[in-house]
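Here is the structure we will look at, set down as structure tokens.
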Amino acid sequence: MKKTAMALILVIVMLCSTAFAAASDPDVAIVSPKETVSGNNLLVSVKLTAPKTIKVYVYEEKEKVGDTLVSIDPSKISEGNLSSKSLVSVSVIMPETFEGTGNLQFYNKQIDDVTPGLYRIKVEVLDKDNTVTATTTTRTVVMPKDSQADAGNKIFQSQQSGVLQWVQNLIKSIFRN
């Protein structure tokens with residue numbers, strides 16, 4: 001009797017794990033963002049390799065501290081660190097539905113003015129009755145814009161003086177004619 005019960009439990013576990021493995025649709029893939037993003041813009045890109053209807057959600061994951069929701073510090077994010085926190089998903093955009101009609105199509109959405117923190121992108125595949133058939137989810141970290149890159153841009157935009165300016169003017173005068 002115990003062996004039969006164990007065998008039945010084993011079969012159920014195998015069937016459940018197969019069902020969970022098939023939960024994402026192979027024809028729908030989140031292309032961007034895949035890694036850490038620097039700056040204040042977030043580009044969400046989803047590739048469809050078959051005619052499908054998808055619904056795209058973008059959430060900022062926040063930590064509940066007392067009665068307030070606080071953005072997660074991107075410099076302190078790690079897998080072990082996230083598992084111990086109670087995260088609350090705050091919607092960044094209204095969920096958008098996209099209907100792909102070809103064999104290769106992309107859904108793209110640029111979200112401006114995002115703050116540094118942890119973001120979750122969820123894509124649901126819908127059937128004709130708007131029932132969810134599969135879900136794909138990814139998380140990405142948005143880091144603050146690098147201040148050193150701004151300093152580098154200022155160097156290239158600064159006014160040149162001295163010998164470098166003279167050489168530049170000489171080259172311009174030679175090649176104008």
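The values are calculated or read from the model by the stated rules, or taken from the named source; none is laboratory data. Everything quoted here is computed from the prediction, not taken from an experiment. We place every Cβ from the backbone using ideal geometry, glycine too, and count neighbours over all the protein chains shown.
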Task: Single condition SER147 does not satisfy, out of (1) at pLDDT below 90; (2) of a type in the set (Gly, Ala, Ser); (3) surrounded by 11 or more Cβ atoms within 10 Å (Cβ to Cβ) - done: (3)
Open item on the list: Every residue in region 20-72 that is touching a residue at least 60 places away in the same chain (Cβ under 8 Å), of a type in the set (Ser, Thr, Tyr) and closer than 15 Å to THR138 by Cα, please.
Closed with: SER24, THR36, SER45, TYR57, TYR59
Open item on the list: Regarding region 155-172, can at least one residue be identified that is modelled with pLDDT under 85, assigned to a helix (DSSP H, G or I) and among the small types (Gly, Ala, Ser)?
Closed with: no
TODO: May I ask you to verify whether GLN110 is more than 17 Å from the chain's Cα centre (by Cα) and touching a residue at least 12 places away in the same chain (Cβ under 8 Å)?
DONE: no
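Looking only at residues that are of a type in the set (Gly, Ala, Ser) and at pLDDT below 90 in region 101-144, which one is nearest to SER32 (Cα to Cα)? Spell out how you get there, then give the answer.
We begin by selecting, within region 101-144, every residue of a type in the set (Gly, Ala, Ser); these are 102, 117, 134.
So of that shortlist, the ones also at pLDDT below 90 come out as 102, 117.
Values: GLY102: 20, GLY117: 16 Å.
Looking at residues that are of a type in the set (Gly, Ala, Ser) and at pLDDT below 90, I get GLY117.
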TODO: Answer with yes or no whether GLU35 is acidic (Asp, Glu), within 16 Å of the chain's Cα centre (by Cα) and assigned to a strand (DSSP E or B).
DONE: no
